[in-house]
Amino acid sequence: METAFKIWRSSLVLALLICSFKSGAQTCCSGGVPISSNLGLPPEDAGWLQASLRYDLNLLNTLKSGAKTLEDDSRSRKTHSVLFQMGYSFTSRLSVDALFSWVRQERVIQQFGQTDFTQTNGLGDAVLLFKYRLWNAKKNASSFSAGLGIKAPTGAADLRNDDGLAIIADLQPGTGAWDKVMWAQGVIQFADRPGMNLSMTSVWSIKGVNEDYLDTQQYRFGKEWQGLLSWSDRHRLGTKNIDLVLVGRFRTVQEDKVNGQILPNTGGKWLFVQPGLSYWYRPDIFLSAYAEWPVYGQVQGTQTAPSFRFNAGVFYRLSLKKQEELLPLF
C-alpha cells in the first residue's frame, strides 16, 4: 500500500509540473461563476467528512478597454451562485472533494432609451477533485497538497430566450464541456503563533470543447490560472474563536475560441483583494463572509469587468471515527 502511494504521489507531482509549463487556466465562464476560487476544502486526518454551503454574488458593472476604465454604464452583469461542496478523507493523505453549483446570470443593456434584460438560471457544472497530502509537518498544521480532477458539464449550455433565440455561452449556467482541473495548496502554521496561518493555492483549468454550441459550432473557453495568497489570524471573542482573513487573488484567462478561432473581447488579467472573517460557532462549525474588490484589471479588447463580489456561507465537519480515537480540535 505504501509503495502504491509513493508511485501515485510521484505521478501526480510530475503531472502538475508538466501542466504548469504547458498551460494556463480558467474558471467556469467569463461572467464570473466562482468554481475555481472556492475549490478545495481544508486538509483533515482520516475519517473526516466536511461540507460547505456558500452564496456568491458577483457584480460586473465596469466597462474596460485594455487596462482603461470607460465612462459607460450602459451594460452590467450580475451572477448569483449557490455552491455546495463535500469532502471526505480516506486516509491522512488521500481525500476527495465534490463541488456542485446552482447559477443565475443576469445581463442588462441600456441603449437609445431601451432596456434589454437577459437572465438564465439552473444547475451549474460540478467538479470532482482527488487530493493527496504530499507533506505535513509533525509539530504543527503546515502541509502541502496537490490534486487532480474533472469538471463535468452538468449545467445547461443551450438555453434560449423568450423569443427562441440562442443565448451566448458566458450567460449559460454551464459550459457544455468536460474540463481538466489541477490544484495545489501549501499551508504554513507559525510555530510561535499557532492561530496564524499563511496559505498559497493554485488552480489550473484546461477547458474542453462544447461540440454543440448554437447547434452547429464548437466553443472553448480560454485556459485559466488562479493564484490565491491567504493570511488568517485567530482571536478570542468571549468563548468563541474568530479568524480575521485577508486574501489576494490573481486570475489570468486566455481568449475563448469558436471553431478554433479566437473570439474577440474575451480573456484578461485581474488582481483582487478580499478582506473577511470566520466565526467559529463550535469547533466543528463556522460561519464566514468576505468582500472582494478588483485592484487591477486588463482585458482583451472591450469587456464588462468585475466591480464587486460578496461571498458568505457555513462550514461543517464530522468525524466518522469513534470518539475515543479523536484528538481535541482546539
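Hey, could you check the range 191-207 for residues that are of a type in the set (Gly, Ala, Ser) and more than 15 Å from Ser145 (Cβ to Cβ) and say which is modelled with the highest pLDDT?
That would be Ser205.
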message = For the range 94-118: of the residues being more than 22 Å from the chain's Cα centre (by Cα) and touching a residue at least 24 places away in the same chain (Cβ under 8 Å), which is surrounded by the fewest Cβ atoms within 10 Å (Cβ to Cβ)?
response = Gln111
inquiry  = Which count do you get for residues in the range 197-216 that are hydroxyl-bearing (Ser, Thr, Tyr) and within 18 Å of the chain's Cα centre (by Cα)?
reply    = 4
query = Can you spot a residue in the range 283-300 that is surrounded by 15 or more Cβ atoms within 10 Å (Cβ to Cβ) and not in a strand (DSSP E or B)?
reply = yes
Close pairs from the range 208-219: first more than 14 Å from Ile167 (Cα to Cα), partner buried (at least 16 other Cβ atoms within 10 Å of the Cβ) and acidic (Asp, Glu), Cβ under 6 Å, at least 6 apart = Gly208/Asp179
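Tell me whether the range 242-255 contains one or more residues that are modelled with pLDDT of 95 or more, of a type in the set (Gly, Ala, Ser), under 17 Å from the mean Cα position of the chain (by Cα) and in a strand (DSSP E or B). Working first, answer last.
Just the residues of the range 242-255 that are modelled with pLDDT of 95 or more, to begin with: 242-255.
Still in the running and of a type in the set (Gly, Ala, Ser): 248.
Checking which are under 17 Å from the mean Cα position of the chain (by Cα) leaves us with 248.
From what's left, in a strand (DSSP E or B): 248.
Within the range 242-255 (the criterion being modelled with pLDDT of 95 or more, of a type in the set (Gly, Ala, Ser), under 17 Å from the mean Cα position of the chain (by Cα) and in a strand (DSSP E or B)), the answer is yes, since at least one residue qualifies.
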task = Kindly establish whether Gln85 is farther than 26 Å from Gln110 by Cα, in contact with a helix residue (DSSP H, G or I) (Cβ under 8 Å, 6 or more places away or on another chain) and modelled with pLDDT of 90 or more.
result = yes
query = Taking the range 127-160 on its own, how many of its residues are over 19 Å from Gly40 (Cβ atoms) and either basic (Lys, Arg) or assigned to a strand (DSSP E or B) (or both)?
reply = 3
message = Yes or no: the range 161-183 includes at least one residue that is surrounded by fewer than 19 Cβ atoms within 10 Å (Cβ to Cβ), out of contact with any Leu (no Cβ under 6 Å at 6 or more places or on another chain), modelled with pLDDT under 95 and not in a loop (DSSP other than H, G, I, E, B).
response = no
task = Scan the range 184-207 residue by residue and report those that are surrounded by fewer than 18 Cβ atoms within 10 Å (Cβ to Cβ), among the charged types (D, E, K, R) and not in a strand (DSSP E or B).
result = Asp192
task = Answer yes or no: is there a residue in the range 131-139 that is of a type outside the set (Ser, Thr, Tyr), more than 30 Å from Leu198 (Cβ to Cβ) and either under 16 Å from the mean Cα position of the chain (by Cα) or surrounded by 14 or more Cβ atoms within 10 Å (Cβ to Cβ) (or both).
result = no
message = For the condition buried (at least 16 other Cβ atoms within 10 Å of the Cβ), under 17 Å from Val299 (Cα atoms) and modelled with pLDDT of 50 or more, what is the one hit in Gly40, Gly47, Gly24, Gly31?
response = Gly31
Number of positions in the range 78-120 that are polar (S, T, N, Q) and touching a strand residue (DSSP E or B) at 6+ places or on another chain (Cβ under 6 Å) = 10
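The values are calculated or read from the model by the stated rules, or taken from the named source; none is laboratory data. Since the model is a prediction, treat every value here as computed from it, not as a measurement. So basically every Cβ, Gly included, is an ideal-geometry build from the backbone, and we count neighbours across all protein chains shown.
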